[in-house]
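*Asks:* Structure incoming, see below.
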Amino acid sequence: MQKLFKSTLRHPFIVMSLALGITALAVLSVVSGFRMETNLDTYMPRTHPAFVFSDEADERFMIKDSILIAVEHPYSVFNPATLQKLIDIEDDLLALEGLSGARVNSIHTGDNILATEDGLDVRRFYTDAPIDQEGADRIASAVRGNSMIAGRLVSHDERTALIIVELPESGFSRDLYDQIQQIADERTGPETLHIAGRPIVEGTLAALGPADMARMGPLVLLVIAIVLLLVLRQVRRTIITMSVVVFSTIWAFGLMSALGVPMYSVSIMIPVMLIAIGVAYAIHLYNQIDHFARETPGAGRRDIAENAITVISSPALFAALTTVAGFVSLVTSRVYPVKYFGLFTAFGVFASFVLTMLLVPAGIMAFGNGDVKKAAGAHAGRIPEHGLGARFADALKARPGRVYVIVAVLVAASVFGISRVWINTSFLANFDSNSAIVKTDAFVNEHFGGTSSLNVILEAADPDTFKNPEVLRLMDAMQAGALELENVGDTISLTTYLRRLHYSMNAADPAFDVIPDSSDLVAQYLLLYEMSGDPDNLWKVVDADFRSANVTIQMKSDDTRTIGRVIEYVDAQAADFDRFGITIRYAGSGYKSLIFSDLILQGQMSSLGLSVIIVFILVAFMFRSVLLGLVSTIPVLISIAVNFGVMGLLNVPLTTSTALISSIAVGIGVDYAIHLITHYREALKALGDEERAARFAMSHTGRAVLLNAAIVISGFMVMVFSVFPPNRQVGLLVSLNMLTAFLATVTIMFMVLRSIPPRLSKEL
């Protein structure tokens, strides 16, 4: 590629114009094709067996994500005005185009199951709001005596009523989110409306994501520009370097939009990644430019530019390829946000390399090299023997034992921390604990069964299995046990209806709040309900053949640990159900979240292993040495160990965002090793003296690597100002990874490199 880059030196302004033109086209692509995607169902492959079954069960039992609106009154919801407001809110919601035909459940629409002289009567608690308090009190009395409603649709303290809106097949959109929020604002007072549910969490994420990116991008640019100006000490160089990273970022998003790939929450980090990473190539290029200019005072623009391309293009190319490999390895993930993050960040990284090798030399040809402090003639060609880098190299050789001991302790602590790493796919974990959406979710969880759910699907071989009282009692016992688990707030199944029917048909005697003793009686009750109530309610908990049943377990948390505990508990009951030929499977958004976490872990392991292997092959090919390929992986492996160790020790979970870090560290961290090994080998060949070569490499390249690490860390540290905790975690962890990779490169890797026998070194 050297010939290509050098050939462009004759036309610097054409090169700059072409880069600007492509960037303009990319901007148009972004403007016309930008789309934010937060629906979890679109994050995963629909062909996964678990999802295929879950989707089928969702359709069979009409399992849908729901919007939860908690209407809180200062004293009691049982007053005419609030009861009317519940109707008004429902009407407002159903009038929205996105909710047309949606099912709504509340004390206004809920079933009041009552025994009559003629059999069974299933009616609404009220059709029209009462005109006086006496009427409201009658509704309150009816609700208090109904276990299916009290605590489920009205809080036990009677201050809050819940409206549950099941989303139609058309799904949820940002416009619908905004419209629901508007309804809540308009209907507030004296009641307070709290809106929760997974769709609302996703909508909040979609609302905050672009705003966060719009804020973070310029902030990263500002910080990087300031650091670059301090490092490069030239406004011209800073502008050219910033143009490189801005252009490459726009190109990446332009390609994403052109291919119809939406933005995900993790995509917000792409600009930060590219801006922080992209400056590395320019730093190494300018470092060589200044070195050559000092050592060759009479060199012209073309000589300086050609020398920089000759010396830097090869190691920079392989550094770019290893970084690309780190990101491309993420394509193996079956989680689409991770896959696309890796693909388009890899494209942006390579674009940064190409643009650097084009625009920096073009800038020199067009505008000159600027003022460079030239060394005195007597110092020309002199190797820095007494600088900080040289002294550091000497110290490493004098006290290697200390370094090995520190590394050993660090790795041991990391191994312990790795054993404590856990996975969490909670959507709420994307927000601060004091954010409005988290507080709203906590409020609804405090007063009702829970905003998250897991659907346990029980399947039998024979029809009418779920009319068997033994089976039903087994289900009831499983539900009772689940309620003892942490963060489980409620359960709903066929047994919930049968207990209420049995209770109502026996003069509301508490002794009959149990499963009926005979299959015939069960069948009779269910027939009565079908004739009197809404059959769709029944088909949400059992199929028409009574061969399959749906048990909904409501949870007060959507984190993976909670869902995992519930599934572990239910799986433990499998042997009891197996006696009746019943198998247990799972469906719903809660289960999909758990599968999502498994896919994240699988993707992390496969991408990490693949990236290390690819990096090793590339470095070994570059240096034509398997040994140096192995040496280059030392800082990478140490930084990976430290990353996972710190996550485990600090209880930072593996998420969609943090799952990216190690592959990122592999790709970026090995760059330091490539540049240091390259210049050490060249110095060793030129000087024939190991100590002088080590001093030169550490003084010359060590400085560039240090500046590179400092700039990357500065860029990623900006992410601590993100509104999303996972992004802040990524910023801190990537910064830690870069610091670890840098320190490991200039210490233990360099020590190992120096320890290679001269005979082997000459063969490299």
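*Asks:* Under 15 Å Cα-Cα from Lys3, which aspartates and glutamates qualify once same-chain neighbours fewer than 8 residues away are excluded?
*Replies:* Asp303, Glu306
*Asks:* Is it possible to state the helix-based mean residue ellipticity at 222 nm for the chain, with each DSSP H run of 4+ residues giving -39500 (n - 2.57), the sum divided by total residues, to the nearest 500 deg cm²/dmol? What is it?
*Replies:* Taking each H run of at least 4 residues, the total per residue is -21000 deg cm²/dmol.
*Asks:* Taking a point 7 angstrom from the Cα of Phe580 along the C-beta vector, which residues in the stretch 422-465 have backbone N less than 19 Å away?
*Replies:* Answer for the stretch 422-465: 455-465.
*Asks:* Can you give the translational diffusion coefficient of the stretch 450-588 in µm²/s, computed by Stokes-Einstein from the Kirkwood radius over Cα pairs at 25 °C and 0.890 mPa s?
*Replies:* On the way: Rh = 15.3 Å.
Reported coefficient: 160 µm²/s.
*Asks:* With axes computed from alpha carbons, what is the tilt in degrees of helix 336-367 against the longest principal axis of the chain, rounded to the nearest 10 within 0 to 90?
*Replies:* 30
*Asks:* Roughly how many nanometres apart are two label points built 7 Å out from the Cα toward the Cβ at Val514 and Glu446?
*Replies:* 3.8
*Asks:* Using bins 5 angstrom wide from zero, how does P(r) for the stretch 619-764 break down, in % of all Cα pairs?
*Replies:* Taking every Cα pair in the stretch 619-764, the percentages come to 2, 10, 19, 20, 17, 12, 9, 6, 4, 2, 0.
*Asks:* So what's the projected area for the stretch 73-139, the Cα convex hull averaged over all directions, in nm²? Could you put the intermediate results ahead of the total?
*Replies:* Working: hull surface 23.1 nm².
Average of the hull's projected areas for the stretch 73-139 equals 5.8 nm².
*Asks:* Still on this structure, please answer the following. As an exercise, take the mean of 1/r over every pair of distinct alpha carbons in the stretch 398-455, invert it, and state the Kirkwood radius in angstroms. Walk me through the numbers before you get to the answer.
*Replies:* Working: mean 1/r = 0.0643 Å⁻¹.
For the stretch 398-455, inverting the mean 1/r across all distinct Cα pairs yields 15.6 Å.
*Asks:* In percent, how large is the relative contact order of the stretch 66-196, given Cα pairs closer than 8 Å and 6 or more residues apart? All intermediate terms of the calculation are to be shown ahead of the outcome.
*Replies:* On the way: 199 pairs, mean separation 58.7, N = 131.
Contact order relative to length: 45 percent.
*Asks:* Could I ask something else about it? Enter the mean projected area of the convex hull around the alpha-carbon atoms of the stretch 232-278, in nm², rounded to one decimal.
*Replies:* Details: hull surface 13.7 nm².
Hull-based average projected area comes out at 3.4 nm².
*Asks:* Students often get this wrong, so check it: of Lys339/Lys439; Lys467/Lys592; Lys540/Lys592; Lys85/Lys439; Lys6/Lys339, which have C-alpha atoms separated by over 26 Å?
*Replies:* Lys339/Lys439; Lys467/Lys592; Lys6/Lys339
*Asks:* Let me ask something additional. For helix 80-94, report the angle its Cα long axis makes with the longest principal axis of the Cα atoms of the chain; keep it between 0 and 90° and round to the nearest 10°.
*Replies:* Long axis of 80-94 versus the principal axis of the chain: about 60 degrees.
*Asks:* How much net charge surrounds Leu650 when only other residues with a Cβ under 13 Å from its Cβ are counted (Lys, Arg +1; Asp, Glu -1)? Before the final figure, lay out each step's value.
*Replies:* Numbers: positive: Arg420, Arg728; negative: none.
Result for the neighbourhood of Leu650: +2.
*Asks:* Over the Cα atoms of the stretch 479-561, Rg to Rh with Kirkwood Rh, two decimal places? Let's see the in-between values first.
*Replies:* On the way: Rg = 14.4 Å, Rh = 14.1 Å.
With Rh from the inverse mean 1/r over Cα pairs, Rg/Rh is 1.02.
*Asks:* I'd like the orientation of helix 690-717 relative to the chain: the angle between its Cα long axis and the longest Cα principal axis, in ° from 0 to 90, rounded to 10.
*Replies:* With rounding to tens, the tilt is 30 degrees.
*Asks:* If N is the number of residues in the stretch 163-230, what value comes out of its Cα radius of gyration divided by 2.2 N^0.38 Å?
*Replies:* 1.67
*Asks:* Over the stretch 557-613, one equal point on each Cα, no solvent: what is log10 I(q)/I(0) by the Debye formula at q = 0.13 Å⁻¹?
*Replies:* Debye output, listed in q order: -0.48.
*Asks:* On to the next question. Three principal axis extents, largest first, for the C-alpha atoms of the stretch 109-172, in Å?
*Replies:* On the principal axes, the stretch 109-172 reaches 42, 31, 23 Å in Cα extent.
*Asks:* May I ask for the Kirkwood hydrodynamic radius of the stretch 29-87, worked out over all distinct Cα pairs and given in angstroms to one decimal? Let's see the in-between values first.
*Replies:* Values: mean 1/r = 0.0623 Å⁻¹.
It is 16.0 Å.
*Asks:* Are there any GluC sites (Glu not before Pro) in the stretch 141-187 that are in a DSSP loop and have at most 10 other Cβ atoms within 10 Å? List them by number.
*Replies:* Numbers: sites: Glu158, Glu166, Glu169, Glu186; in loops: Glu158, Glu169.
Taking the stretch 141-187 and a limit of 10 other Cβ atoms within 10 Å, the loop GluC sites (Glu not before Pro) found are Glu169.
*Asks:* Now for a separate question. Can you give the Rg/Rh ratio of the stretch 66-196, where Rg is from the C-alpha atoms and Rh is the Kirkwood radius? Walk me through the numbers on the way to the answer.
*Replies:* Details: Rg = 15.0 Å, Rh = 15.3 Å.
Taking Rh as the inverse mean 1/r over Cα pairs, Rg/Rh reads 0.98.
*Asks:* Quick one: the Cα spread of the stretch 112-253 along its three principal axes, in angstroms, biggest first?
*Replies:* Over the stretch 112-253, Cα extents along the principal axes are 92, 33, 24 Å.
*Asks:* What is the pair-distance distribution P(r) of the chain, computed from all Cα-Cα distances in 20 Å bins starting at 0, with each bin given as a whole percent?
*Replies:* P(r) for the chain, in whole percents per bin: 15, 39, 26, 15, 5, 0.
*Asks:* For the stretch 1-147, what D do you get in µm² per second when you plug the Kirkwood radius from alpha-carbon pairs into Stokes-Einstein at 4 °C and 1.567 mPa s?
*Replies:* Answer, rounded: 59 µm²/s.
*Asks:* Additional query: According to the Kirkwood expression over distinct Cα-Cα pairs, how big is the hydrodynamic radius of the stretch 683-753, in Å? It would help to have the intermediate numbers written out before the result.
*Replies:* Numbers: mean 1/r = 0.0733 Å⁻¹.
Kirkwood radius, the stretch 683-753: 13.6 Å.
*Asks:* Can you give the net charge of the other residues whose Cβ lies under 11 Å from the Cβ of Val77, counting K and R as +1 and D and E as -1? Provide the component values of the computation, followed by the final result.
*Replies:* Numbers: positive: Lys85, Arg159; negative: Glu72, Asp157, Glu158, Glu191.
With Lys, Arg at +1 and Asp, Glu at -1, the neighbours total -2.
No value in this document is a laboratory result; all are computed from the given coordinates. As the structure is a computational prediction, the values presented were derived from the model and not from experiment. Cβ coordinates were reconstructed from backbone atoms using ideal geometry, including for glycine residues, and neighbour counts include every protein chain displayed.
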